[in-house]
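I have placed the structure first, in the form of structure tokens, so that the comments after it can refer back to it.
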Amino acid sequence: MPGRASGGAVRWGILSTAGINAKLPAGARDAGNASVVAVASRDHGRPSATPPSTGSPAPNGSYEALLADPEIEVVYIPLKVETALDLAEERGL
């Protein structure tokens, strides 16, 4: 199924630089209808735990910037439940 905004793959963002992110880009590529295009970190100075060889984008901004990006259609939030809920409540979700 093509993505709505891009006319192709559904554009995903990830709110975390944790090692779990190493699996998501490969799964998106295998699905053929998804693309991980952005990763956000709460600490911009902290390197990603995701090896560059996985094809995951480098961390490129804050949680707030990723959530405000109109090009991101789906956000994966591999954070503590409390943090995810706080982020959602701040945006009225």
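Observations
- Arg91/Ala22 FRET efficiency (R0 30 Å; Cβ-Cβ; nearest 0.05): 0.65
- Length added when fully stretched, Arg42-Asp30, from 0.36 nm per residue minus Cα-Cα: 1.5 nm
Every number here is computed from the coordinates shown, using simple stated rules; none is lab data. A quick note: this is a predicted structure, and the numbers were derived from the prediction, not measured. Because the Cβ atoms are built from the backbone with ideal geometry, glycine has one as well, and the counts that use them run over all protein chains shown.
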